[in-house]
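> Pasting a structure here, questions to come.
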Amino acid sequence: MVKLPHQLFSPLYSLLSGSYMLIHSSSQLLTLAGGPQRGRALGTLGLIEDGAVVVRDEKIVAVGTTAELKASYPGEPTLDAGGCVLMPGFVDPHTHVIWGGDRASEFEMKMAGKPYLEILAEGGGILSTVRQTRTASIETLIAQTRPRLLRMFRHGTTTAEAKTGYGLQTATELRLLKALLALDDESPLDLVMTFLGAHAIAPEYKGNPQGYTDLVCETMLPILREWWGTHAPRLSLPFVDVFCEDKAFNLEQSRQILTKARSLGFPLKIHADEFANIGGVSLAVELEAASADHLVKTSDADIAALGKSDTVAVSLPCTPFGLAECEYTPARRIIDAGGILALATDCNPGTSWNESMQFVIALACRFMKLTPAEAIAASTINSAHAIRRADTIGSIEIGKQADMLILSVPDYRHLGYRYGTNLVKHIIKRGQVYSVDVGYYRTA
Ligand code: NIG
Ligand code: FE
């Protein structure tokens, strides 16, 4: 990655503290204004033709048409969107982006027909990545994760959730968090952290899942609570997540972990119904989790429960795609029930090594029958809500963080329609302009 001198990109001069920047002449400005979109309201783009936005420092200060804002802000520095789409940056609300090594050999086994959970039960899968992660230094973990984050950013993700979960022992889980905090500091995109010590039963507890569950509850979570206060006192507490699934944590163990986490003040997430329906969604709704994620085998009763709750249904279409499976989240039924649907990459070394929300949108349109507008809302304002950040990101509204994309296309429906190449041209992150065409740079 090359940091380029900002002289190569003149609008950057407008980003000096206190000055304004007028981004104008978009073909379509997608504001996504109005908050998270529930049920059939999904896909409300708030489209302004020939739209413009004014940014001051890190924030959006005006939204309107080019004519209106040119009149109100004459003589301010400008960035010409050149007849392209201007929209909020993607928010990716479910990633396992930090890990050591890879699992290319397992990919071959899976494509030859060996089931994912069988590989895990034999000590491979997540446990293979755990071995490679435990032996990696923090410097190695940071060096291996950095390019993934930059690929995410270049594909338009301006905020990503990032889970631990490949340590499964207190010291390594905390090392992963420490690395994520360092990556958050150095990277242009923002990270929102999740503790997933309950990602699999640690190898030391093989055959004793209850023993490992007790360790998570009685040792890891209390230590994490204290550690966070010392290492990240200015950040809100991380989410706590659990893999509620056959061969991982059963419903009672998941309840024990999430209840303990809640009693310590942590906000909650859950992996549910990826391979089997064992009740994780209802548990998430009952405990008011921010999101329930995966949702492939979700029952009608659980869909109805999601429809009445504020727990976001996070769908990860790259995961069945990555595993070459045919069943995807029943998104239309979740929408019809009134649920809040979001999309994410699930970026991880086992089921979905993909950093691009654009590809997620392409899959969601084809296999979950979302319209491009629905998939865009599920990847911006609703995914911001899934990490409880919809008050500051996910839409283009006055007062929000200036996190936006200029795509290289004139019509938002190119998202979904096209895939496999990057349609992002410029990224505006906290008011700083990055050009995908020529690398990236930042000031300060
Ligand atoms: O979300 N399901 C659990 N975790 C990941 C896979 C992790 C791995 O295989 O390394 C997922 O699909
Ligand atoms: Fe996951």
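The values are calculated or read from the model by the stated rules, or taken from the named source; none is laboratory data. Bear in mind the structure is a predicted one, so any value in this text is a computation, not a measurement. Cβ atoms come from the backbone with ideal geometry, glycine included; neighbour counts cover every protein chain shown. Accessible surface areas use protein heavy atoms only, side chains included; no ligands, DNA or RNA. Shrake-Rupley method; radii C 1.70, N 1.55, O 1.52, S 1.80 Å.
> Here is a list of conditions, (1) of a type in the set (Gly, Ala, Ser); (2) within 13 Å of ligand 2 (Cβ to nearest atom); (3) out of contact with any helix residue (DSSP H, G or I) (no Cβ under 6 Å at 6 or more places or on another chain), and ALA284 meets all of them except one; can you say which number that is?
All conditions pass for ALA284, except number (2).
> Could you tell me whether ALA305 is open to solvent by 10 Å² or more (accessible area, probe 1.4 Å), away from ligand 2 (no atom under 16 Å from the Cβ) and at pLDDT 95 or above?
Numbers: open to solvent by 10 Å² or more (accessible area, probe 1.4 Å): yes; away from ligand 2 (no atom under 16 Å from the Cβ): yes; at pLDDT 95 or above: yes.
Against the criterion (open to solvent by 10 Å² or more (accessible area, probe 1.4 Å), away from ligand 2 (no atom under 16 Å from the Cβ) and at pLDDT 95 or above), ALA305 qualifies.
> May I pose another question? Under 9 Å between Cβ atoms, which residue pairs at least 6 apart in sequence (or on different chains) link something in the range 205-230 that is charged (D, E, K, R) with a partner that is not in a loop (DSSP other than H, G, I, E, B)?
Pairs that qualify, where the first residue is charged (D, E, K, R) and the partner is not in a loop (DSSP other than H, G, I, E, B), are ASP214/GLN256; GLU218/LYS260.
> Picking from ARG148, ARG175, which residue would you name as being surrounded by fewer than 24 Cβ atoms within 10 Å (Cβ to Cβ) and within 16 Å of ligand 1 (Cβ to nearest atom)? Show your work before the answer.
Details: ARG175 fails: within 16 Å of ligand 1 (Cβ to nearest atom).
Within the list ARG148, ARG175, the selection yields ARG148.
> Restricting to the range 336-369, count the residues that are more than 16 Å from ligand 2 (Cβ to nearest atom), open to solvent by less than 10 Å² (accessible area, probe 1.4 Å) and on the phi > 0 side of the Ramachandran plot.
Of the residues in that region, 0 qualify.
> I'm checking my understanding of the structure. Among residues of the range 61-106 that are in a helix (DSSP H, G or I) and crowded, with 17+ Cβ neighbours inside 10 Å, which one is nearest to ligand 1 (Cβ to nearest atom)? Let's see the steps before the verdict.
Kept after step one, since they are in a helix (DSSP H, G or I), are these residues of the range 61-106: 66-72, 104-106.
This time we only want the ones that are crowded, with 17+ Cβ neighbours inside 10 Å, so: 66, 69-70, 106.
Numbers: THR66: 42, LEU69: 42, LYS70: 46, GLU106: 9 Å.
That would be GLU106.
> Restricting attention to the range 346-386, and to residues there that are among the polar types (S, T, N, Q) and in contact with a strand residue (DSSP E or B) (Cβ under 9 Å, 6 or more places away or on another chain), which single residue is farthest from GLY89 (Cα to Cα)? I'd like the intermediate steps shown before the answer.
Taking the range 346-386 first, the residues among the polar types (S, T, N, Q) are 348, 351-352, 354, 356, 358, 371, 379-380, 382-383.
Right, trim to in contact with a strand residue (DSSP E or B) (Cβ under 9 Å, 6 or more places away or on another chain) and you get 348, 356, 358, 379-380, 382-383.
Values: ASN348: 21, SER356: 12, GLN358: 11, SER379: 9, THR380: 7, ASN382: 12, SER383: 11 Å.
Restricting to residues being among the polar types (S, T, N, Q) and in contact with a strand residue (DSSP E or B) (Cβ under 9 Å, 6 or more places away or on another chain), the top hit is ASN348.
> Working only within the range 230-250, note down all residues that are surrounded by 15 or more Cβ atoms within 10 Å (Cβ to Cβ) and within 16 Å of ligand 1 (Cβ to nearest atom). Steps first, answer last, please.
Initially, the range 230-250 is screened for residues surrounded by 15 or more Cβ atoms within 10 Å (Cβ to Cβ), giving 232, 237-245, 247-250.
Once the filter is applied, which keeps residues that are surrounded by 15 or more Cβ atoms within 10 Å (Cβ to Cβ) and within 16 Å of ligand 1 (Cβ to nearest atom), the range 230-250 yields PHE239, VAL240, ASP241, VAL242, PHE243, CYS244, GLU245, LYS247, ALA248, PHE249, ASN250.
> Another one. Out of all the residues in the range 264-312, which are in a strand (DSSP E or B) and away from ligand 1 (no atom under 15 Å from the Cβ)? I'd like the intermediate steps shown before the answer.
First, pick out the residues of the range 264-312 that are in a strand (DSSP E or B): 268-272, 291-294, 312.
LEU268, VAL312 - these are the residues of the range 264-312 that are in a strand (DSSP E or B) and away from ligand 1 (no atom under 15 Å from the Cβ).
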